1. Counting only residues that are β-branched (Val, Ile, Thr) and part of a loop (DSSP other than H, G, I, E, B), how many does segment 83-106 have?
2. Hey, can you tell me all the residues within segment 147-156 that are aliphatic (A, V, I, L, M) and part of a helix (DSSP H, G or I)?
3. Exactly one condition in (1) surrounded by fewer than 16 Cβ atoms within 10 Å (Cβ to Cβ); (2) at pLDDT 95 or above is false for GLY49; which is it?
4. Of the residues ALA69, ALA99, ALA54, only one is surrounded by fewer than 13 Cβ atoms within 10 Å (Cβ to Cβ) and assigned by TED's automatic domain parsing to the domain that holds GLU25; which?
5. Taking the condition of being outside any loop (DSSP other than H, G, I, E, B), touching a residue at least 12 places away in the same chain (Cβ under 8 Å) and farther than 20 Å from VAL157 by Cα, how many residues in segment 118-146 meet it?
6. Could you tell me whether LEU40 is outside any loop (DSSP other than H, G, I, E, B), crowded, with 22+ Cβ neighbours inside 10 Å and outside the structural domain of VAL104 (by TED's automatic domain parsing)?
7. Could you say whether any residue in segment 10-27 is of a type in the set (S, T, N, Q) and surrounded by fewer than 16 Cβ atoms within 10 Å (Cβ to Cβ)?
8. Tell me the residue from VAL83, VAL110, VAL55 that is farther than 23 Å from ALA3 by Cβ, at pLDDT 95 or above and either in contact with a strand residue (DSSP E or B) (Cβ under 7 Å, 6 or more places away or on another chain) or basic (Lys, Arg) (or both), please.
Amino acid sequence: MPALIIDFDGVLIESEYEGNRHLAELLTALGHPTTTDEALTHFTGLSGGDFIAAVEGTVGARLPAEFHARRAAEDERALRDGVPAVAGAIAFLRSLPPAWPKAVASSSTVHWVRTHLDNLGLADVFGDHIYSGREHVDRGKPAPDLYLYVAAQLGVVIAGCTIIEDSAVGATGALASGARVIGLVAGSHCLPGHEERLRSLGVRDIAHSFDDVSRLLNLG
């Protein structure tokens with residue numbers, strides 16, 4: 001029986017595009033002109049201190065308190081109003097055999113993931129198996145630690161798991177874990193060349209839709 005470990009932002013919800021669009025607008029307003037495509041290219045898949053370091057390194061300056069306050073306000077708005085699902089994600093999750101071990105492995109907080117699953121009517125899909133690189137391991141993505149931790153919590157060996165990831169950061173850690181990796185290129189944040197970037201990391205299975213994911217998993 002296969003075990004499925006699924007990233008969240010950019011895989012199940014369109015938060016990578018929405019978040020980077022807001023980030024580009026905010027940086028531009030603060031005097032650092034940035035396009036959405038530039039934000040997507042440089043910051044997709046990053047979180048916490050790695051995200052802040054990448055933004056500050058790109059703009060060449062410390063971020064002011066206003067930046068953090070406005071980002072926090074946007075996160076609260078997104079939690080309240082919801083973020084659209086990636087096309088096909090809901091139907092795919094509902095199609096999975098109930099007996100399959102499955103979990104979310106996200107760089108976001110458990111609260112973020114649970115709230116958005118609730119908003120989408122998917123609170124029951126993963127049960128308690130929602131894990132955060134910020135909260136459950138010392139080293140988040142691109143280290144493999146989160147995936148190894150999740151496999152242990154599911155009671156399976158990592159080599160028997162399939163991980164669905166969209167970002168280069170996530171795919172790097174997923175490949176290092178020893179699991180099978182499916183690179184999903186379905187979200188609005190996936191710019192031209194995204195597939196090639198994932199392949200260059202060593203991802204062999206690429207899905208352009210959740211129908212492709214279902215075929216790769218041999219779901220009827």
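The values are calculated or read from the model by the stated rules, or taken from the named source; none is laboratory data. What you see is a predicted model; the values in this text were computed from it and never measured. Counting neighbours? That spans all protein chains shown, and the Cβs are built from the backbone with ideal geometry, glycine included.
1. Here the count works out to 2.
2. Of segment 147-156, the ones aliphatic (A, V, I, L, M) are 148, 150-152, 154, 156.
Within segment 147-156, LEU148, VAL150, ALA151, ALA152, LEU154 qualify.
3. GLY49 satisfies every listed condition except (2).
4. After ruling out the rest, the residue left standing is ALA69.
5. 1
6. Values: outside any loop (DSSP other than H, G, I, E, B): yes; crowded, with 22+ Cβ neighbours inside 10 Å: yes; outside the structural domain of VAL104 (by TED's automatic domain parsing): yes.
Answer is yes for this residue.
7. no
8. The conditions single out VAL83.
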